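> Sharing a structure with you now.
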Amino acid sequence: DIAFGEVWLCSGQSNMELRVMDARNGLDEALNAEIYENIRLLKTARQIATEQQDEALGFYNSWSKPRLEFLGSGDSFSAICLFFGEQLFDELGVPIGLIESTWGGTIVEAWSPPEALEYCGITDTGVDDGQNHNEYLWNAMIHPFLKMTIKGALWYQGEQNAGYPGDYAE
């Protein structure tokens, strides 16, 4: 059951994390997704790391076809990511791999590589709740996928950074 096509990474916080079953007409959407035999889904477990990881530390599933058993579960898949993959497949007609790496309520700095933070002059966000340290999510939930050929990424950043928009250098 090997496919060759495009792989897309879907990441960010709350809206990207919204499950298929929680979307409008969730059950219908989950059932409709089963017709996409050439889409594969992979969902990372929430994890943090103080050092860059070469391998992801955990997954909710292995590469899976979109099936109701998975999409209807409590650890379902990102609705935005799946709907994007379906549209992409409809347009391109090539197999699509979708990786969901999400964590609601997180700051963008936690998802950012150290070079980007340094370039922007970011050294401390003032947020210290265990999951929002600079680079922690990058190290564990993004960096492991850099060795893959990723066609592109979808990103959603919500309001978690709204409290300090003026802190960034131009």
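The values are calculated or read from the model by the stated rules, or taken from the named source; none is laboratory data. Values in this document were obtained by computation on a predicted structure and should not be read as measured data. So basically every Cβ, Gly included, is an ideal-geometry build from the backbone, and we count neighbours across all protein chains shown. Quick note on the areas: whole protein, heavy atoms, side chains included, nothing else; ligands and nucleic acids left out. Shrake-Rupley method; radii C 1.70, N 1.55, O 1.52, S 1.80 Å.
> Residue check: is Leu9 open to solvent by 10 Å² or more (accessible area, probe 1.4 Å), part of a helix (DSSP H, G or I) and not polar (S, T, N, Q)?
Numbers: open to solvent by 10 Å² or more (accessible area, probe 1.4 Å): yes; part of a helix (DSSP H, G or I): no; not polar (S, T, N, Q): yes.
For Leu9, the condition - open to solvent by 10 Å² or more (accessible area, probe 1.4 Å), part of a helix (DSSP H, G or I) and not polar (S, T, N, Q) - is not met.
> If you don't mind, another one. Can you confirm whether Glu91 is at pLDDT 95 or above and surrounded by fewer than 17 Cβ atoms within 10 Å (Cβ to Cβ)?
Considered against the rule, which asks whether it is at pLDDT 95 or above and surrounded by fewer than 17 Cβ atoms within 10 Å (Cβ to Cβ), Glu91 comes out as yes.
> Take Gly58 and decide whether it is open to solvent by less than 70 Å² (accessible area, probe 1.4 Å), out of contact with any His (no Cβ under 6 Å at 6 or more places or on another chain), over 26 Å from Tyr136 (Cβ atoms) and not basic (Lys, Arg).
When the stated conditions are applied, Gly58 does not pass them.
> Scan the range 40-55 for residues that are in contact with a Ser or Thr (Cβ under 7 Å, 6 or more places away or on another chain) and open to solvent by 20 Å² or more (accessible area, probe 1.4 Å) and jot them down.
The answer is Arg40, and nothing else.
> Also, I was wondering about something else. Write out, first by first residue and then by second, each pair whose Cβ atoms fall under 6 Å of each other, whose residues are 6+ apart or on separate chains, and whose first residue, in the range 63-82, is in contact (Cβ under 8 Å) with a residue 24 or more places away in the chain and over 15 Å from Thr44 (Cβ atoms) while the second is in a helix (DSSP H, G or I) and open to solvent by 60 Å² or more (accessible area, probe 1.4 Å).
Once the first residue is in contact (Cβ under 8 Å) with a residue 24 or more places away in the chain and over 15 Å from Thr44 (Cβ atoms) and sits in the range 63-82, its partners that are in a helix (DSSP H, G or I) and open to solvent by 60 Å² or more (accessible area, probe 1.4 Å) give Gly72/Met21.
> Filtering the range 72-88 down to residues that are part of a helix (DSSP H, G or I) and open to solvent by less than 10 Å² (accessible area, probe 1.4 Å), which residue is farthest from Gly26 (Cα to Cα)?
Here the residue is Gly85.
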